[in-house]
1. Can you give the angle from 0 to 90° between the axis of helix 92-102 and the longest principal axis of the chain, with both taken from C-alpha atoms, to the nearest 10?
2. Among Met52, Met144, Met1, Met327, rank each residue by its count of other Cβ atoms within 10 Å, from fewest to most, as a rough exposure measure.
3. Among Val29, Val49, Ala243, flag the residue with its Cα farthest along the positive direction of the charge dipole of the chain, charges on Cβ as +1 for Lys/Arg and -1 for Asp/Glu.
4. Classify the stretch 178-284 from the C-alpha gyration tensor, please: rounded if a/c falls under 1.5, else prolate or oblate depending on whether a/b exceeds b/c.
5. I'd like the distance between the alpha-carbon centres of the stretch 67-88 and the stretch 1-49, rounded to an integer number of Å.
6. Residue separation times 0.36 nm, minus the C-alpha to C-alpha distance between Thr214 and Arg109: what's the value?
7. Note the full-extension length gain between Ser188 and Ile275 as 0.36 nm times their separation in residues minus their Cα-Cα distance, in nm to one decimal.
8. Using Cβ contacts closer than 10 Å as the measure, can you line up Ser165, Ser291, Ser84, Ser184 from fewest to most?
Amino acid sequence: MELFLKILFYVSGFIIVWAMIGYPLSLKVIGKIYKNRNLRKDYSHQPTVTVMVVAHNEEKVILDKLYNILELDYPKDKIEFLISSDNSTDKTNEIVAKFIKEHQDRKLRLYEVKDRKGKTNAQNEAQKTVTSEYLVMTDANSMMDKNSVKELMAAFTSDDIAYVSGRLSIVNQGASEVSDAEASYWDSDMTIREIEGRIQTITAGNGALYACRTQDYYDFNPIQCHDSAMPPLYALQGKRAIANHDAIAYEKAGEVIEDEFGRKVRMNRIILKHILPDIRILNIFKYKWFSYFYFGHRTCRYLLWISHLILLLSNALLIHQSDLYSMTFAGQVLFYLLAIIAAITKTNNKYLVLIYYYTVTIIAQWAGVYRILTGKAKPFWEKAESTR
């Protein structure tokens with residue numbers, strides 16, 4: 001029994017440490033080894049493109065988004081814009097329709113989804129009306145840099161590249177401790193994705209801005225998200241998903257913990273499937289670096305919820321074994337106490353905020369698992385108001 005507990009303790013501890021420290025550090029080392037493998041670009045590659053914006057009750061930001069996409073620096077005869085409204089019940093459709101009427105010199109279309117089934121379904125339905133060679137996906141509250149489409153297209157330099165993700169830049173980083181923590185997370189994750197893409201393929205994209213060939217588009221189940229499901233799909237097909245971080249989308253992070261918690265719960269609505277979406281991923285001889293990337297960047301992170309629980313429980317049962325186990329148990333208890341203190345005191349201490357933010361992330365994973373097991377997971381959600 002003690003041997004079993006020790007195995008549980010060390011395996012769960014390894015998963016946590018590898019996900020948060022070991023894998024990012026290993027990527028930096030690997031990135032230096034492959035430092036001569038750089039992202040290639042071809043700015044003469046300017047195919048026909050449809051920029052698709054999915055919106056549900058976005059009357060607060062949709063007009064700004066419409067003006068934003070019209071400012072994109074791309075040949076006007078090769079770009080069109082498609083707004084897929086996911087059963088909006090506010091003034092979103094009215095605003096878009098009026099804008100289209102006022103800008104008849106531009107290729108603008110509104111697709112109205114009749115039954116609300118979430119972002120992925122809205123993309124699936126609207127995509128069937130697309131005739132351009134490429135699709136660029138973006139959110140209603142994400143403002144695109146004027147060169148973003150040009151940058152995305154320039155990265156499609158070979159037939160095996162099926163997907164290009166842009167960079168999300170948080171514009172309200174100093175607004176609150178929560179947005180600061182989220183911005184720090186994205187900065188770290190963008191560094192990892194850049195290295196993964198240079199070496200072989202990224203394991204997940206960025207929902208604020210990404211592109212794919214129209215012929216490579218896949219109708220995923222509405223409960224799934226393209227940004228997390230597309231890159232693994234293409235990798236298993238022998239194709240590549242890469243990151244071009246010169247293609248930028250600007251967005252506000254949640255400024256209150258309730259908004260960020262809700263967003264992370266939604267992100268984890270199929271966390272159990274994401275742990276290992278396909279057994280073939282384990283075939284390192286065939287998929288090479290992708291197997292390593294997915295295990296470190298995705299599988300270990302998606303196991304944090306259960307790993308922390310197992311680590312705490314197994315540690316509690318091993319305290320009598322040695323001072324080492326007493327110290328690690330005390331460290332875990334202290335960590336969670338600091339998170340509680342941060343929550344109660346609303347402190348501005350950046351270290352306590354990071355501990356609190358991380359703990360909330362783990363709780364959000366548990367909430368996602370609960371929703372899955374109780375059948376409450378859904379493909380749509382209410383937006384976080386502090387991000388608008």
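1. Roughly 30 degrees, rounded to the nearest 10.
2. Ranked by crowding around the Cβ, least crowded first: Met1, Met327, Met52, Met144.
3. Val29
4. prolate
5. So the separation of the two Cα centres works out to 35 Å.
6. 36.1 nm
7. Full extension of this stretch gives 29.2 nm more.
8. Ser184, Ser291, Ser84, Ser165
Read-outs: derived from the displayed coordinates by stated rules, not from any lab. Only a predicted model underlies this, so the values are computations on that prediction, with no experimental measurement involved. All Cβ positions, even for glycine, are placed from backbone atoms using ideal geometry, and neighbour counts span all protein chains on display.
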